[in-house]
Amino acid sequence: LGENAIIFSMIEKKTNEFIGNIEIMEINNNIGEIGIAITRKKQDKHFGQEAIKRLIEYAFSELNLNGLELNVYNSNPRGIKCYEKVGFVIDGQGKTKEDIHMSLKR
């Protein structure tokens, strides 16, 4: 976790319950590396997809980034599908053999 990470907590409006966190962990060469964690209870409700869409808007309009990237476990097909739905593409192996690297260009 970078010391300059930009972290947002997600709270459900209806219930005021904690959903999880989404962050831009670090920025290198004007590309932000993102991460997201959602509590098990709040998964499969499209909160992740909505949060990623908002983070993309923020990254491009407020931070003027050229792109975003992330690493996701091969064993997380729901996560991969979610990232693809918002525009990320698989572009290689991630940091470990168990990861897929995905990116989104502006």
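Nothing in this text is a laboratory measurement; each read-out follows from the coordinates by a stated rule. Since this is a predicted model, take the numbers as computed values, not measurements. Neighbour counts are summed over all protein chains in view; Cβ atoms, including those assigned to glycine, are modelled from backbone coordinates with ideal geometry.
Quick one: which residues, 5+ away or cross-chain, put their amide H under 5 Å from the amide H of GLU26? H built at 1.01 Å from N.
GLU33
Please report, in cubic angstrom per residue, the volume enclosed by the convex hull of the alpha-carbon atoms of the chain. If you can, show how the numbers build up before the last one.
Numbers: hull volume 11.3 nm³, N = 106.
Normalising the Cα hull of the chain by residue number yields 106 Å³.
Lysine pairs in the chain with alpha-carbon atoms under 21 Å apart, 8 or more places apart or on different chains: how many are there?
Final tally of qualifying lysine pairs is 24.
Please report how far the C-alpha centroid of region 8-43 lies from that of region 85-106, rounded to the nearest whole angstrom.
18
Test of understanding: what is the full-extension gain from GLU57 to GLU98, defined as 0.36 nm times their sequence separation minus their Cα-Cα distance?
That pair, GLU57 and GLU98, stretches by 11.9 nm at full extension.
Please report the relative contact order for the chain, taking Cα pairs under 8 Å with a sequence separation of at least 6, and give it as a percent rounded to a whole number.
20 percent.
For the chain, what is the charge dipole size about the Cα centre, in debye to the nearest 20, if Lys and Arg each add +1 at the Cβ and Asp and Glu each add -1 at the Cβ? Mind showing how you got there, number by number?
Details: 15 positive and 15 negative charges, 104 e Å.
Once rounded to the nearest 20, the dipole reads 500 debye.
Could you check the spin-label model distance between ARG40 and GLU12? Points 7 Å from the Cα along Cα→Cβ, value in nm.
1.6
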